[in-house]
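> Structure incoming, see below.
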Amino acid sequence: MMRVLNICLIGALVLAAADVYTIKFESARQAQHVAKLRLEIRRERDAVAALRAEWAKLDNPARIQALTRRHLQLRAADARQIDPLDNLPERPPDRVPVEEADPIGTVIVNPELLDHSPTGSVHGPTR
Amino acid sequence: MHAPAADPAAPAREPWRRRLVGSLLYGSNVDRVAKTRARILLAVLIFALGYAVIATRLVMFATAPEGHGSRRAIAQDAVATARPDILDRNGEILATDVRTPSLFGEPHRIIDVDEASELLTAVMPEIDAAELRGRLGSKRRFVWLKREITSQQREQIHRLGIPGIGFLPENKRVYPNGAEVSHLIGHVNIDNQGTAGIEKWLDARGLADLHLAGLATDRLQKPVELAVDLRVQHALHDELIAARAKFKAIAAAGLLTDVRTGEVVAMVSVPDYDPNNPREALDPTRINRLTTGVFEMGSTFKALTVAMALDSGKITLKSAFDASHPLQYGKFTIHDFHAQNRVLTVPEIFTYSSNIGTARMALSLGIEHHKWFLRKMGQLERLRTELPESAEPLVPKRWAELNTVTIAFGHGLSVAPLQAVAAIGALMNGGRLIPPTFLKRSEADALAHATQVVKPETSEKMRYLMRLNVEKGTATKADVKGYYVGGKTGTSDKVIGGRYSKTKVLTSFTAVLPADQPRYLLLIMLDEPQATPDTHGFTTSGWNAVPVGGAVIGRIAPLLGLEPRFDLPPSDKLILASAGGR
């Protein structure tokens, strides 16, 4: 009786030891994986930081200004070129009826329908 | 012999030989069973203790990280630690960390010092061979060989396979915008410790302690958001550099603050330096003139004098002062630059920038009142901000009537320009003096820090005067259409060798925009501007600082989201009428 119990216990012990070993092994593997991922995250973050720094350098207003001066004919915006939406005039009545199937063709056929009203800045110089 | 056998429990059953041995060894009357138990217990205890020690050590080994950390620990201490990013108010990067490898050596592990240093100098010719040999041959456990090497160099040195040589990734501070924000954010030393500006403030705020605890090695710290707007900062920087070149000035400085929150939206002082090359900052001509320098602000200070007069209630906009003769004071005579030689009203005194008028105004209120008011406006004490660099105002030791006379028009009291701007901001925003800040701040938060220094009506009258001065005073060249600019000019003679110079001046222009609903206050300062053909030989503020201010306003107003408004009535209709006809 006692002997059977002992054998059972020894068997259970061996099984438990084997189980603990596998758990331990698995956890070590997982820990390694976590460490690897952490390192990767860190590297990625460093790379992102380096790229962001480079972007900030390229995006620097002084650099953009120098490039604009060299390559574009843009001028600084003037206060007269800014107007609030409230000052937008009412939409003019449609010259070509909306239901017309071919609006462009209608305008070409009847040139008097063309809109000749000027656009541009409020009191801006005429070019 | 047979009689005891009747008792079955007695130990008499033992063979006689054993009994004999037992009685010889222990004596006849000892309870050997109890004794044996005690001994077994002792043995059990000793073994249990032994196993417990083994078990705890096992647990310690299992939980503690890799044992061979001694080398890393030494190295880690020396690594430049991470700093939080610094962002502008729109989230643009002003300062960030980039990882770069650094080369170190552990002299006790190096086998052949000569060979190692020869191989290393072959890869890095810029390194000093003798110094390298000295370092590798030293008795220390850890030496830096070269900080911040390139990744190609790292690769080549790695291939050499020299024992006792290693790399550590270090955080290197990078300032992508270069000189543009230099005075604001300051810079760091090679160990990534802040030595000036906001960087130093970050360290003082507890980052240094984090470094010591070794906790600040990763970039997981919350970025610091400043109040500065990089676009506005650039525009101001660009215009000031152009102005400095045009007027051949020693220096130019500009400051833009939000009058409702006290935030510094832009601050430029040229000549400045590149924080990526901090050695330039040591040059004394490159100091930040707005916080570290003190200046006699000249006529700009008249705004404070007039506000004091109006706020006292004894003087109104209709009051008049005699400016028909120069003011004689002992051996000093006070003249007016734009002399009218008649009795002037308060608005006239302000727009003609009359020294005599403001001096008489201050005298009529008395020295003590003058001192009390300037103290209340924070002009007599050092202004503390986040920036560690600050300057104490130069206040006269004995304050006599002559001092009140000269300080009334901005001579004889030197303050940091930022300090003066904070006070004028209070005169514009409804009378609340808000301590300026370089960090992002909400209006509610600013209100909690603010103190009411003048009445809201006084502030309205001051804005009227500022606007009037642009409409028909000394600052007409800054009237940028659409933004309803108000402003006060200032030209002060510089003190050269203890005497006021006749030719060398410091000009300034303080502008509020828009004058009817104040949002921003701009200060432009030029140090010793020269006359150009355009200025007809003049060096006063109206010919240099004011047009520069106008150019800056025209450029930054759209960036600040100020809506241009045209066809606004003149200031006496718009500002004074809204104040209820006062």
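> Ordering B:Ile241, A:Ile104 by accessible area with a probe of 1.4 Å, largest first, what comes out?
Details: B:Ile241 80, A:Ile104 120 Å².
Largest accessible area first, the list is A:Ile104, B:Ile241.
> Using alpha-carbon pairs under 8 Å, 6+ residues apart, how would you state the relative contact order of chain B in percent? Kindly include the intermediate steps, with their values, before the conclusion.
Working: 1090 pairs, mean separation 74.9, N = 582.
That works out to 13 percent.
> Sticking with this structure for a sec: At a 10 angstrom cut-off on C-beta neighbours, averaged per residue, how do the peptides A:61-71, B:294-304 rank from highest to lowest? Don't skip to the answer; put the middle values down first.
On the way: A:61-71: 12.2, B:294-304: 26.4.
Descending packing order for the listed peptides: B:294-304, A:61-71.
> Rounded to whole Å and ordered largest first, report the semi-axes of the equivalent ellipsoid of the protein assembly as shown derived from its Cα gyration tensor (root of 5λ).
On the way: eigenvalues 1207, 259, 190 Å².
Each semi-axis is √(5λ); the values are 78, 36, 31 Å.
> For helix A:61-71, what angle does its Cα long axis make with the longest principal axis of chain A, in degrees from 0 to 90 and rounded to 10?
Between the helix axis and the principal axis of chain A, the angle is about 50 degrees.
> May I ask you to list the GluC sites (Glu not before Pro) in the stretch B:126-167 that are in a DSSP loop and have at most 14 other Cβ atoms within 10 Å of their Cβ?
Numbers: sites: B:Glu126, B:Glu131, B:Glu148, B:Glu155; in loops: B:Glu126, B:Glu148.
Filter output for the stretch B:126-167: B:Glu126, B:Glu148.
> Let me ask something additional. Please list, by residue number, everything in the stretch A:65-100 whose backbone N is under 17 Å from a paramagnetic label point 7 Å out along Cα→Cβ of A:Asp115.
Within reach of a label on A:Asp115, which here means backbone N under 17 Å from a point 7 Å along Cα→Cβ, the stretch A:65-100 contributes A:85-100.
> Tell me the accessible surface of B:Ser312 in square angstrom (1.4 angstrom probe, heavy atoms of protein chains only), to the nearest ten.
Estimated to the nearest 10 Å², B:Ser312 gives 40 Å².
> Could you work out, for chain B, what percent of all Cα-Cα pairs fall into each 10 Å distance bin, beginning at 0 Å and stopping at the bin that holds the largest distance?
In order of increasing distance, the bins hold 3, 14, 20, 17, 11, 8, 7, 5, 4, 3, 2, 2, 2, 1, 0, 0 percent.
> State in Å² the accessible area per residue of the protein assembly as shown; use a 1.4 Å probe, count heavy atoms of protein chains only, and round to the nearest integer. Display every interim value, and only then the final one.
Values: 39190 Å² over 709 residues.
Heavy-atom accessible area per residue stands at 55 Å².
> Here's a follow-up. At q = 0.10, 0.13 Å⁻¹, what is the log10 ratio I(q)/I(0) for chain A, with the Debye formula run over Cα points and no solvent?
-0.78, -0.94
> I'd like the GluC sites (Glu not before Pro) in the stretch A:16-90 restricted to DSSP loop residues with at most 15 other Cβ atoms within 10 Å, sorted by number.
A:Glu90
> From the phi angles alone, apply the Karplus equation (6.51, -1.76, 1.60; θ = phi - 60°) to the stretch B:277-289 and give each ³J(HN,Hα) in whole Hz, x where the residue is Gly or Pro.
Each residue's phi maps through the Karplus curve to give 10, x, 4, 4, 5, 6, 5, x, 6, 9, 5, 7, 5 Hz.
> Taking the stretch B:367-420, which GluC sites (Glu not before Pro) meet the DSSP loop condition and have no more than 13 other C-beta atoms within 10 Å?
Values: sites: B:Glu368, B:Glu381, B:Glu386, B:Glu389, B:Glu401; in loops: B:Glu381, B:Glu386, B:Glu389.
Within the stretch B:367-420, the qualifying GluC sites (Glu not before Pro) (loop, at most 13 other Cβ atoms within 10 Å) are B:Glu381.
> Follow-up. Could you rank B:Arg382, B:Arg39 by how accessible they are, 1.4 Å probe, largest area first?
Numbers: B:Arg382 80, B:Arg39 145 Å².
The residues order as B:Arg39, B:Arg382, largest area first.
> Another question about this same structure. Using the beta-carbon distance between B:Lys472 and B:Asp283 and R0 = 35 Å, what value does 1/(1 + (r/R0)^6) give for FRET efficiency, to the nearest 0.05? Spell out each step's value before the answer.
Values: r = 43 Å, r/R0 = 1.22.
Using R0 = 35 Å, I get an efficiency of 0.25.
> Given H placed 1.01 Å from N in the peptide plane, which residues other than close sequence neighbours of B:Glu263 have an amide H under 5 Å from its amide H?
Hits under the 5 Å cutoff: B:Asp258, B:Thr437.
> Hey, can you list the DSSP H helices of chain B whose Cα span along the axis is 20 Å or longer and whose average Kyte-Doolittle score is at least 0.5? If you can, show how the numbers build up before the last one.
Details: long enough: B:32-63 (46 Å, 1.37); B:230-247 (25 Å, 0.02); B:456-472 (24 Å, -1.15); B:545-559 (21 Å, 1.46).
Both cut-offs are met by B:32-63, B:545-559.
> Tell me: how much accessible area in total is hidden between A and B, 1.4 Å probe, Å², nearest 100?
On the way: alone 12700 and 28440 Å², together 39190 Å².
Approximately 1900 Å², summed over both chains.
> Can you pull the one-decimal nm distance between simple spin-label points at A:Ala101 and B:Ala130, each 7 Å off the Cα toward Cβ?
In this crude spin-label approximation the distance works out to 9.6 nm.
> Given 20 °C and 1.002 mPa s, compute D for the stretch B:323-376 with the Stokes-Einstein relation, Rh being the Kirkwood radius over Cα pairs; round to the nearest whole µm²/s. Write down the numbers at each step before the final one.
Working: Rh = 11.8 Å.
So the translational diffusion coefficient is about 181 µm²/s.
> Considering only protein heavy atoms and a probe of 1.4 Å, how much of the accessible area of chain B is carbon and sulfur, as a whole percent?
Working: 15490 of 27520 Å².
Accessible surface attributable to carbon and sulfur in chain B totals 56 percent.
> So for B:Val98, B:Val270, A:Val14, what's the accessible-area order with a 1.4 Å probe, most first?
On the way: B:Val98 25, B:Val270 5, A:Val14 95 Å².
Largest to smallest exposure gives the sequence A:Val14, B:Val98, B:Val270.
> Find the centroid of the Cα atoms in the stretch B:548-576 and in the stretch B:437-499, then give the distance between the two in whole Å.
Result: 14 Å between the Cα centres.
> Using alpha carbons only, how many degrees (0 to 90, rounded to 10) separate the axis of helix A:2-58 from the longest principal axis of chain A?
Value to nearest ten degrees: 20.
> Where does the protein assembly as shown land at 222 nm, in deg cm²/dmol rounded to the nearest 500, when only DSSP H runs of n ≥ 4 count, each adding -39500 (n - 2.57), divided by all residues? Spell out each step's value before the answer.
Details: 23 runs with 294 residues, N = 709.
Result for the protein assembly as shown: -13000 deg cm²/dmol, rounded to the nearest 500.
The values are calculated or read from the model by the stated rules, or taken from the named source; none is laboratory data. The model shown is predicted, which means the values in this text are computed figures rather than measured ones. Here Cβ is always computed from backbone atoms with ideal geometry, including for glycine, and neighbour counts include all displayed protein chains. Surface accessibility is based on the protein's heavy atoms, side chains included, excluding ligands, DNA and RNA. Shrake-Rupley method; radii C 1.70, N 1.55, O 1.52, S 1.80 Å.
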